[in-house]
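Shown next, in structure tokens, is the structure this report addresses.
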Amino acid sequence: MKQLLKSLLIFAMLFTLACQEETNHFTVAQTYDEPQDPAPSMDQDWSAVPEGLQASVTSTDIRFVRSEIPKINHQSTWEGAAWKGERTSAQLVLWSKDSLTEVNTKISDFKSDNGNSLPASIAAIHFVKYVITDVFGEGCGYRKPEDFPASLAADALDPVTSYAIKAQETRPIWVTIDVPSDAKAGTYKSTFTIDIKGQESQTMAFSIRVIDKVLPDVSEWKFHLDLWQNPYAVARFHEVQPWSAEHYELLKPIMKRLADAGQKVITVSLNKRPWGGQTFDQFEAMIDWRKKADGTWTYDYTIFDNWVQLMMDLGVKNQISCYSMVPWGNEFYYFDEAENKEVKLVAAPGTQAYDDLWIPFLEQFKAHLEQKGWNTITRIAIDERGPEEMKAMLKLLNAHAPEFGVSFADNHKSYKLYPNELKDMSVAFGHPVDEIDLTQRRENGYISTHYVCCSDPFPNTFTFSPPAEGVFIGWYSIAADFDGFLRWSYNSWVEHPLEDSRFRTWPAGDTYIVYPDNRSSIRFETLREGIQDAEKIRLLREELTERKLLDELDHLDKVVAQFNVTSKPVNFEAMLKDAKNVLNILAEQLN
């Protein structure tokens, strides 16, 4: 007996030492430093928070504040539903009044009662990071930071599974779950585990119902997504030479993320500063324009070709939008060999100087595109220019390269002036388009979308926007019978995008929706979610029509129609939740 007790004592000592050693080796991932809170909440009673780390499942509609105690009902279970091939998201939140708390997180395989399983790798864990934001104010227009209240917004998704949580801090966790397209229908259960240094682990029960309906591969989505890319911001932030081998490698993952959201359009800057340098990183020319001493022109398409091919290889193949024959300020740049310097030319459409610049370019450009096989998908892209300039530009384009057609972001309500040239038209949110015109454009094979920008308080993707507004955009797009959505800013980063999303001219977050090093955001994930919903609506309508289930089709149309509004509905988050449930019910009924 004494020998047995001695053995048990030795075992207990070794076990304690092992646990201590494991505790000593408890490590958390390296991550970047967040900014100091410009307006921490001073009225929070953290002393009322129980000892130890607090954790709860919560809604993805909540954007938490770092210095505020979460005002939620504690929940230890998450239940979701998704089609095969769909991505869904969950949010948890951690908070503590204690000193630094180190946590590691993990999720187990998803298993069903009938023996089917899905690997844990379908779920990706992200700790949510905070960035400085401001308020809408007057929307567009130059602004001084000190004139607008600043705060921290939870937005950037850092792909780490561990974190050191500071005292009196609230820290969200965002989990994305990509259901495989070949998954078996049924309910799958998993466990989300939070290992806490010096404390007992906590677990959350996850359950996802896989519906027997397939959301096709993103390459088959019809939703026309056009988020403008800025490759020059990537080069500047990472301090690499534009269009170097290092630059291309940095571009691939962040542009692949965009392609995987259904992006259809490649953004090209034909000439330098097509938007007059409105972004922190100005757009340079992707084509080298050279005027020779004898007055003839040569063009080097190397960067243009490589950029377009990169995007096509990643899956963005539908359209090349070339900015611009009508840039802001009508400024154009080229290298003049006779003067041996870069020349800035100011030439309005309709002038002789304008014609002399563009006619030789168009002749050579279309020949190059024909050689590459890109001539049928290339558009001359114009952003918010007035009718006088548009008409003069179109006169020249129709005479020398009518096959291109135009991609036009229209805030002048002038689309009726160019019914045959606008192969891709995007109207400002809230500007009405006659249903007969949308129908006729679709019959002609033309694209009709809408866009939001700095002038739209709702819906939008600012860093202070409620997360569900991103989802709402997808529902509005299909409710208003548009083919998709345009936004001018995928990654036109500000100077310090990981710390401060404010910019000198627009509400915070207006210039970008993803972060450096291929970090996603709450805003991007919810926008993607709304696009998925729009695709699901399209698929359900097609099947209900084909099977002549007219009552069900009418019900679906009525549910969708309630989102064709231009002002924020009361409790629109609940509207979205109910409408999403209708999609899943119809999908299950069809099976």
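Considering only residues that are open to solvent by less than 10 Å² (accessible area, probe 1.4 Å) and under 30 Å from Phe462 (Cβ atoms), which ones fall in region 526-554? Across region 526-554, the qualifying residues are Thr526, Leu527, Gly530, Ile531, Gln532, Asp533, Ala534, Glu535, Lys536, Ile537. Against the test of being out of contact with any strand residue (DSSP E or B) (no Cβ under 6 Å at 6 or more places or on another chain) and over 30 Å from Val214 (Cα atoms), the options Thr526, Thr511 yield a single qualifying residue, Thr511.
The residues of region 346-358 that are within 37 Å of the chain's Cα centre (by Cα) and surrounded by 15 or more Cβ atoms within 10 Å (Cβ to Cβ), listed by number, are Ala347, Pro349, Tyr354, Leu357, Trp358. Taking the criterion of being assigned to a loop (DSSP other than H, G, I, E, B) and in contact with a helix residue (DSSP H, G or I) (Cβ under 6 Å, 6 or more places away or on another chain), the residues of region 461-489 that qualify are Thr461, Pro467, Asp481. Only a single criterion out of (1) open to solvent by 60 Å² or more (accessible area, probe 1.4 Å); (2) farther than 30 Å from Ile531 by Cβ; (3) at pLDDT 95 or above is not satisfied by Lys2, namely (3). No other residue among Ile473, Ile522 is more than 25 Å from Trp275 (Cβ to Cβ) and in contact (Cβ under 8 Å) with a residue 12 or more places away in the chain apart from Ile522.
When region 212-240 is filtered for residues that are open to solvent by less than 10 Å² (accessible area, probe 1.4 Å) and of a type in the set (Asp, Glu), only Asp226 remains.
Whenever a residue of region 416-440 is aliphatic (A, V, I, L, M), its partners that are part of a helix (DSSP H, G or I) and open to solvent by less than 10 Å² (accessible area, probe 1.4 Å), lying with C-beta atoms within less than 9 angstrom and at least six residues away or across chains, give the pairs Leu417/Met390. If Phe458 satisfies all but one of (1) open to solvent by 10 Å² or more (accessible area, probe 1.4 Å); (2) part of a helix (DSSP H, G or I); (3) of a type in the set (A, V, I, L, M, F, W, C); (4) closer than 24 Å to Gln91 by Cβ, what's the number of the condition it fails? With respect to (1) open to solvent by 10 Å² or more (accessible area, probe 1.4 Å); (2) part of a helix (DSSP H, G or I); (3) of a type in the set (A, V, I, L, M, F, W, C); (4) closer than 24 Å to Gln91 by Cβ, Phe458 is out only on (2).
Filtering region 58-99 to residues that are under 22 Å from the mean Cα position of the chain (by Cα), within 30 Å of Ala183 (Cβ to Cβ) and part of a loop (DSSP other than H, G, I, E, B) leaves Ser59, Thr60, Asp61, Ile62, Gly85, Glu86. Consider region 150-208 and keep the residues that are aromatic (Phe, Trp, Tyr) and open to solvent by less than 10 Å² (accessible area, probe 1.4 Å). The one that is nearest to the chain's Cα centre (by Cα) is Trp174. Checking Thr60, Thr16, Thr77, Thr31 one by one, the residue that is of a type in the set (Ser, Thr, Tyr), at pLDDT below 85 and on the phi < 0 side of the Ramachandran plot is Thr16 and no other.
Summed over region 507-527, residues that are under 26 Å from Ser448 (Cα atoms), out of contact with any Lys or Arg (no Cβ under 6 Å at 6 or more places or on another chain) and either in a loop (DSSP other than H, G, I, E, B) or of a type in the set (Phe, Trp, Tyr) (or both) total 6.
The values are calculated or read from the model by the stated rules, or taken from the named source; none is laboratory data. Predicted model, so just to flag it, every value in this text is computed and none were measured. As a convention, Cβ positions derive from the backbone with ideal geometry for all residues, glycine included, and neighbour counts pool all protein chains shown. For accessibility, only protein heavy atoms count, side chains too; no ligands or nucleic acids. Shrake-Rupley method; radii C 1.70, N 1.55, O 1.52, S 1.80 Å.
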